Structures are given as structure tokens and as C-alpha cells.
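Bear in mind that the values in this text are calculations on the coordinates, not laboratory data. Computed from a prediction, not measured in an experiment: that's the story for all the values here. Note that each Cβ is placed from the backbone with ideal geometry, even for glycine, and that neighbours are counted across all protein chains shown.
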Ligand code: UDP
């Protein structure tokens with residue numbers, strides 16, 4: 001049985017990875033400091049003998065007293081609202097956290113997967129974004145704490161790969177949605193859904209013509225798994241290439257939630273990317289992966305989750 005350490009394992013994507021890898025027969029060690037993650041995401045696993053939880057901040061030295069075959073570094077605040085509230089912790093999770101997890105992978109001779117992000121492309125001047133695009137990031141802007149931490153993390157992963165021969169992977173994760181998103185994380189899916197379900201105004205920032213492309217979480221997890229099992233050391237985009245404007249997205253959620261909400265407009269946050277869409281040619285060709293879940297189906301699943309979550 002192979003053992004995997006998942007940092008950020010109590011978060012939205014991390015907890016789905018825990019479920020998926022337990023299902024594939026891995027032993028899972030979940031590490032989280034529970035700043036943006038939540039124990040309720042992993043409660044259902046607490047009696048699973050192949051699962052253990054360690055409350056720990058990845059920015060501090062990590063000790064694991066058993067063999068580890070894979071290290072998956074998924075710990076970081078990921079919502080712009082979260083990371084702008086705690087920029088220093090975000091920079092540390094991407095820099096010190098990446099250093100500590102890479103050091104662990106080196107010591108354990110483990111394979112390594114970095115959760116990187118489409119934010120490495122910043123406010124892109126090329127659309128869709130292929131992995132070969134170097135990006136357009138404001139290093140000193142309010143999103144710099146996340147974008148630059150992840151860019152540094154990618155550089156550190158490549159250095160450990162080149163110098164120490166650690167067997168590494170870099171997943172550039174685009175906007176992902178699904179059950180277990182925090183309803184107050186400030187991102188567009190939880191905001192629009194909670195607003196629509198309460199018939200409160202749906203807050204579109206700017207003129208709503210900016211675009212995003214949303215990947216359902218189960219598709220994303222499959223892509224991550226295929227990357228983990230591949231031998232591709234260079235970054236790979238994992239996301240859904242179906243691109244929508246935010247205003248279209250507001251209308252789709254309103255319709256699916258059968259909501260009477262009005263759409264209202266608020267100021268566009270600073271450095272909000274104007275477009276974002278993954279070019280997934282590389283994932284298609286080299287991983288044989290592409291998303292399968294249609295937007296309406298994924299959104300309906302997510303709406304059911306938010307309905308249940310607000311009853312608790
Ligand atoms: N957004 C919006 N209303 C909201 C929350 C977000 O119009 O209540 C917009 C935001 O300005 C951005 C897009 O939705 O253009 C996606 O924002 P999110 O915070 O989900 O993540 P991002 O893709 O910017 O990292």
C-alpha cells in the first residue's frame with residue numbers, strides 16, 4: 001500500500017483528493033492548519049483505518065515518522081478574499097511550505113505534486129493560456145501574495161527536480177467549483193449561489209464582461225490523479241476550457257436556482273483578470289484527460305450542497 005501526504009487536505013480540493021486516493025487504495029495522511037480548511041470536510045473519514053489527520057502549518061518544519069511515497073502540496077488560501085486578508089501566511093505557504101514539502105519528498109524519496117494555479121498567468125494577454133505563456137503578473141499588487149508565491153513555488157519545484165532529481169509534477173489549476181466550497185470564501189460560485197438561494201441581489205463585479213472557465217471538482221481530481229501517475233515534470237493546465245462571462249454565469253446560476261434575485265453591479269476588484277481560459281491541449285494529448293461534467297450538471301450538484309449546508 002502506498003502512502004500519500006496531502007497538505008491542505010481539509011480544504012475544498014484537498015478533501016476531495018483524500019476521498020479519491022483512499023478509494024484508489026492509498027493510505028492518506030492529511031495535513032492542514034485549518035485556517036481556510038475545515039474539519040467537517042474530512043469528518044466522514046475519521047474512522048477509516050487508512051486515514052490520519054495531522055494539524056500542522058506547512059510553513060513550519062514537517063516531520064513524518066513513516067515512509068511516504070507521494071507528497072501532494074495543496075495547502076494555501078486560494079480565494080482572493082482570503083489571501084488578501086492573510087497575505088503573509090499565503091506567501092509563506094507558497095514559499096516556506098513548498099520548501100518544507102520538497103525537503104520531505106527528497107528525504108523520503110517520494111514523488112511530488114505542486115498545486116499551482118492559473119494565477120501564474122496573472123491578467124493574461126494571451127487567451128486561452130497555454131503552459132508556454134509566461135504571464136502578466138503585478139508583483140506588488142494585492143494579488144501578488146498568491147501569484148508570486150505560486151510562481152516562486154514552481155521555480156523551487158523545478159530547482160529540486162533539476163538539482164536533487166526529485167520526481168516532481170506541477171498542476172496549474174484553473175477555477176474549480178463543487179461541494180465543500182466554503183459558502184463565505186468570497187469567490188464567485190459561493191457568492192452567487194448563496195445570494196440566488198436567498199433571493200438576494202447577485203453581486204457582479206465590474207461590468208461582468210470578464211471571463212472565467214469553471215471546472216467541476218471531480219473532473220479536476222481525475223486530471224490531478226492522471227498527472228500524478230504520469231512522468232511529466234513540466235507544468236500542465238488542468239481546467240475546463242468552456243469560457244463564460246461573469247454576467248452569463250450570474251444568469252445561469254439564477255436560472256438553475258430558480259431565483260428571483262436581481263443582478264446588481266459592484267466595483268471591480270483591483271487587478272481582477274479580464275479573461276481566463278485554459279488551453280488543455282497538453283493534458284488532452286499527454287494525459288488523455290479532459291473534463292466530462294457539463295456546467296449545468298456541476299452547478300446543480302453544487303446548488304444541492306449549498307442548500308443542505310445552509311440547513312445545518
Ligand atoms: N466576482 C463577481 N461577484 C462576486 C465574486 C466574484 O462578479 O460576488 C467576479 C470576480 O470579480 C472575478 C470572477 O468573479 O472576475 C471570479 O472571481 P473569484 O473570486 O471566484 O476568483 P478569481 O477567478 O478571480 O481568482
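Structure notes:
- Put simply, the Cα atoms of the chain extend 55, 44, 38 Å along their principal axes, the longest span coming first.
- Potential extension, residue 44-residue 184 segment - 0.36 nm per residue separation minus Cα distance: 48.2 nm
- Dimensions of segment 207-254 from C-alpha coordinates, computed as largest minus smallest value along each principal axis and given longest first, are 42, 20, 11 Å.
- Segment 88-161 shape via C-alpha gyration tensor axes, a/c threshold 1.5: oblate
- With 0.36 nm allotted per residue and the present C-alpha distance subtracted, the residue 265-residue 297 stretch has 8.9 nm of extension available.
- Principal axis box of segment 1-47, alpha-carbon based, largest edge first, Å: 30, 18, 17
- D by Stokes-Einstein for segment 138-194, Kirkwood Rh over Cα pairs, 37 °C, 0.692 mPa s: 235 µm²/s.
- A Cα-only calculation for segment 21-97 places Rg and Dmax at 13.6, 38 Å.
- For segment 32-174, the Kirkwood hydrodynamic radius from C-alpha pairs, put into Stokes-Einstein at 4 °C and a viscosity of 1.567 mPa s, yields a diffusion coefficient of 81 µm² per second.
- Cβ-based exposure ranking for 267, 234, in which fewest neighbours within 10 Å come first: 267, 234
- Relative to the dominant Cα principal axis of the chain, helix 188-197 is inclined by about 50°.
- Highest mean first, the peptides 75-81, 122-128 sorted by other C-beta atoms within 10 Å per residue fall in the order 75-81, 122-128.
- Cα pair count fraction exceeding 26 Å, expressed as % - segment 179-312: 29
- When Rg and Dmax are taken over the Cα atoms of segment 119-239, they come to 16.7, 55 Å.
- Rg in Å to one decimal, and Dmax rounded to a whole Å, for segment 81-130 via C-alpha atoms: 14.3, 40
- Relative packing of peptides 296-305, 9-18 - highest average C-beta neighbours within 10 Å first: 9-18, 296-305
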